[in-house]
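I have placed the structure first, in the form of C-alpha cells, so that the comments after it can refer back to it.
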Amino acid sequence: YYSQLASSGDYSKLASSGYGSKLASSGNGSQLASSGDYSKLASSGYGSQLASSGYYSQLASSGDYSKLASSGNGSQLASSGYGSQLASSGNGSQLASSGYYSQLASSGNGSQLALSGKQSVGANIGINGIAKGITGCWITLAEYDNDYKIKCVKSAMIDGKKLKENTWYKLKNKKFVKANDN
C-alpha cells in the first residue's frame, strides 16, 4: 500500500498492485501498470503505455503515441501528446486529450470525453455519456431506452455550425443535443 515508483530510463517497466500507489516515468517506451484504487500514473516519454484497473485512478501522459487505459470507475485519463490513444470502461470516468490525431473511447456509464487536439476522434458509448471537441474532431455517442437497450449510435464531425466546438453533447431522440438541455 501507498507505494511510490519512479523511473527516468527509456523502456522502463513499473507495476503496482497496492492502493494509493504513485508511478512516474520520463523515459520513452515505458510501461506503467497499477491495480490499486486511487493510483496515479504519469509519463512524459513517447510511446509509453499506462494501465490501471483501480477506482478513481489518474493517468496522464505528455508523450506522443502514448496509450492509456483504465477500467476503474471514476478514473481520469489525460494526454497532451500527438496520436495518443485513451480508453476507459469505468463508470463516471473522464478522458481528455489535447494532442493532434488522438483517439479516445469510453464505454462507462456517465463518462465524459473531451477532444481539443486537431483531427481527433472520440467515442463515448456508455449510458448517459457526453462528449465535446473542437472543429474538425469526430464524436460518437450512444442513446439508450428506459430498459437500457441501445436505441441509436451516431457519429458526427464538429463543424462549428451544426455542432459547436467545446460544447458538451449527448444523444436524445437520435439527435445530438447540448448535454445541459433536457
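With protein chains left intact and a 1.4 Å probe, residues in the range 42-182 average 48 Å² of accessible area per residue. For the range 105-118, 3J(HN,Hα) computed residue by residue from phi via the Karplus equation (6.51, -1.76, 1.60; θ = phi - 60°) reads 9, 9, 10, x, 5, x, 7, 10, 10, 10, 10, 10, x, 4 Hz, glycine and proline entered as x. When the charge dipole of the chain is built from unit charges on Cβ atoms (+1 for Lys and Arg, -1 for Asp and Glu) and taken about the Cα centre, the candidate among ASN146, ASN128, GLN58 whose Cα reaches farthest toward its positive end is ASN146.
Relative contact order for the range 71-118: 36 percent, from Cα pairs under 8 Å spaced at least 6 residues apart, divided by residue count. Would you list, by chain and number, the lysines whose Cα falls below 19 Å from the Cα of LYS132, excluding same-chain residues fewer than 8 positions away? Within the straight-line limit of under 19 Å, LYS132 reaches these lysines: LYS118, LYS154, LYS161, LYS162, LYS164, LYS170, LYS172, LYS174, LYS175, LYS178. In this structure, the amide hydrogen of GLN49, modeled 1.01 Å from its nitrogen in the peptide plane, lies closer than 5 angstrom to those of SER30, GLN31, LEU32, LYS67, counting only residues at least 5 positions away or on a different chain. Distance between the modelled labels on LEU5 and GLN119, one decimal in nanometres: 3.5 nm (7 Å Cα→Cβ projection). With both labels modelled 7 Å from their Cα along Cα-to-Cβ, the VAL177 to LYS161 distance reads 2.4 nm.
Given that just one value was derived from the coordinates, which of (i) 30, 19, 10; (ii) 24, 20, 16; (iii) 33, 19, 13 is semi-axes √(5λ) of the Cα gyration tensor in Å? Working out semi-axes √(5λ) of the Cα gyration tensor in Å from the coordinates points to (i). Rounded, prolate or oblate: which fits the range 16-112 when a ≥ b ≥ c are the square roots of the eigenvalues of the alpha-carbon gyration tensor, with rounded for a/c under 1.5 and prolate only if a/b beats b/c? Judged from the Cα gyration tensor, the range 16-112 comes out oblate (a/c at least 1.5, b/c at or above a/b). Taking amide H atoms as placed 1.01 Å from N in the peptide plane, the amide H of ALA15 lies under 5 Å from those of ALA33, each 5 or more residues away in sequence or on another chain. First check a/c for the range 69-177, with a ≥ b ≥ c the square roots of the eigenvalues of its C-alpha gyration tensor; if it is under 1.5, answer rounded, and if not, answer prolate when a/b is larger than b/c or oblate otherwise. Oblate, since a/c reaches 1.5 and b/c is not below a/b.
Amide H contacts for LEU5 (H built 1.01 Å from N in the peptide plane; partners 5 or more residues away or on another chain; cut-off under 5 Å): LYS22, LEU23, ALA24. When the alpha carbon coordinates of the range 130-179 are projected onto the principal axes, the ranges are 34, 15, 14 Å, largest first.
A simple rule links phi to the HN-Hα coupling: the Karplus curve 6.51 cos²θ - 1.76 cosθ + 1.60 with θ = phi - 60°, which for the range 125-135 gives 10, x, 4, 6, x, 10, 8, 8, x, 9, 3 Hz, with x for Gly and Pro. The relative contact order of the chain, computed from alpha carbon pairs under 8 Å that lie at least 6 residues apart in sequence, is 10 percent. Reported to the nearest whole Å, the Cα centre-to-centre distance from the range 147-182 to the range 17-63 is 31.
Based on C-alpha pairs under 8 angstrom that are at least 6 apart in sequence, the range 112-182 has a relative contact order of 26 percent.
The values are calculated or read from the model by the stated rules, or taken from the named source; none is laboratory data. Note that the structure is a prediction, hence the values are computed from the model and not measured. For neighbour counting, all protein chains shown are included, and Cβ atoms are generated from backbone atoms with ideal geometry for every residue, glycine included. The area values use the complete protein model at the heavy-atom level, side chains included, leaving out ligands, DNA and RNA. Shrake-Rupley method; radii C 1.70, N 1.55, O 1.52, S 1.80 Å.
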